[in-house]
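Participant: Got a structure for you, written out below as structure tokens; questions coming shortly.
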Amino acid sequence: MTSAADSGDPAPAATDHPTPADHTPSTGDALPTGEATPAGHTPSVGDAPPSGDATIVLPAHVGPGPEPSLPAHRHGRRWLRAVLAALIVLAFGAAGTGLAWQQSQLAHLRSDVAALRAAQAEQVTALQSSLSAQRQQISALSGQLVAARSALQNTQNQLKSDEERLNIATAQLPPDLTELAARVTPSVVLVSCVSGTTTTSGTAFALALPQASGSQTTLVTAEHVVDGCTDPNSGVLSITAGNRSASAAVRAYDAENDVALLDTSLRIPPLQPASNGPVVGEFVMAVGNALGIVVNNVTSGIISQVYPTYFLDTAPISNGNSGGPVVDRSGNVLGIVDWGYASGTEAPLVENLNASLRLSVLCQKLLTGAVCRSLH
């Protein structure tokens, strides 16, 4: 009998080495022919049943053997798969961590937005409340403004009415004659015309009119006062203002309307024309040199009648007053003293019926242009 030992040597005979009762055959041990299986022995996988003198050959090794070796490229694929798996796991882990952080941030942002919206809502509510209160205040103020405007309009209307009544009352009262005379008399001068053996005297006054070249003052007077001196070769014309005297010259004259303009080198403050024409009942003051010796004689009265080129007034005049100014209560010139009626022994009684030329007669022959718009 032969065995399949690794060494290839012949196995000893069964009679030479009896098998112990408790011995379990190892892989490769051969059982003796015709011998019973030892007690307690469990046949292993691959054990052949005894059959006479047949030789039983057992595998050299029973059980798991060494794994078959794999090619190198298969080991690389497994390593690559493991790395990829690890990377995927890490990527998913990182993605999960980032997603969780983003969700947390998003939750914070949503919370902040909600808080901002709530704050804005509160601000809007407060602003709406404030706006509503302001609108109510504006409405109340608008009502007060309307009422104030109405009251102001009523006050203005009342003031205008009171002013009109005051003007009427003032016009009916005499002005301050002392102040008025002091304002007018510095503009009034004594005029003397010496022609041959005849000397005539009268009155002239400075008026705000354009001046001739070389002249300091323009004077207005009645033509009959300077009639003998209209020709400079036939008479000598002079003026006296207070303690000052100077020569004068006739610039132009209108014998028909009895007015004349004089020029002088003496500086005299001018009077202003009245802004309105004469009105019946209006106060007037006349200033002149009565009889040529009573310098700056002052009288007053009212306008009794008005005509296109002259008006009648009750301010007493005398010889020498001709050419003097007739002024209103403000001291502005309304007219030029010209003539007056006087009672004779056999004539009808006449009192205070005096005539003064209106300033507008200067524009019939002596003056033209814009200056005439201010003369009435």
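The values are calculated or read from the model by the stated rules, or taken from the named source; none is laboratory data. Nothing here was measured: the structure is a model prediction, and the numbers come from that model. Cβ coordinates were reconstructed from backbone atoms using ideal geometry, including for glycine residues, and neighbour counts include every protein chain displayed. Calculation scope for accessible area: heavy atoms of the full protein, side chains included, ligands and nucleic acids excluded. Shrake-Rupley method; radii C 1.70, N 1.55, O 1.52, S 1.80 Å.
Participant: Of the residues that make up the stretch 255-269, is at least one at pLDDT 95 or above, of a type outside the set (Gly, Ala, Ser), surrounded by 18 or more Cβ atoms within 10 Å (Cβ to Cβ) and within 26 Å of Pro175 (Cα to Cα)?
Facilitator: yes
Participant: Kindly establish whether Leu349 is outside any helix (DSSP H, G or I), open to solvent by 40 Å² or more (accessible area, probe 1.4 Å) and over 30 Å from Thr178 (Cα atoms).
Facilitator: yes
Participant: Which is of a type in the set (Ser, Thr, Tyr) and open to solvent by less than 30 Å² (accessible area, probe 1.4 Å), of Thr221, Thr199?
Facilitator: Within the list Thr221, Thr199, the selection yields Thr221.
Participant: Is there a residue being over 46 Å from the mean Cα position of the chain (by Cα) and not in a helix (DSSP H, G or I) anywhere in the stretch 100-122?
Facilitator: No, that holds for no residue.
Participant: Take the conditions open to solvent by less than 20 Å² (accessible area, probe 1.4 Å), out of contact with any Leu (no Cβ under 6 Å at 6 or more places or on another chain) and more than 19 Å from Ser360 (Cα to Cα) and apply them to Gly235. Does it pass?
Facilitator: yes
Participant: Let me ask something else. Could you list all residues from the stretch 203-231 that are more than 57 Å from the chain's Cα centre (by Cα), hydroxyl-bearing (Ser, Thr, Tyr) and within 19 Å of Val333 (Cα to Cα)?
Facilitator: Correct list: Thr203, Thr221.
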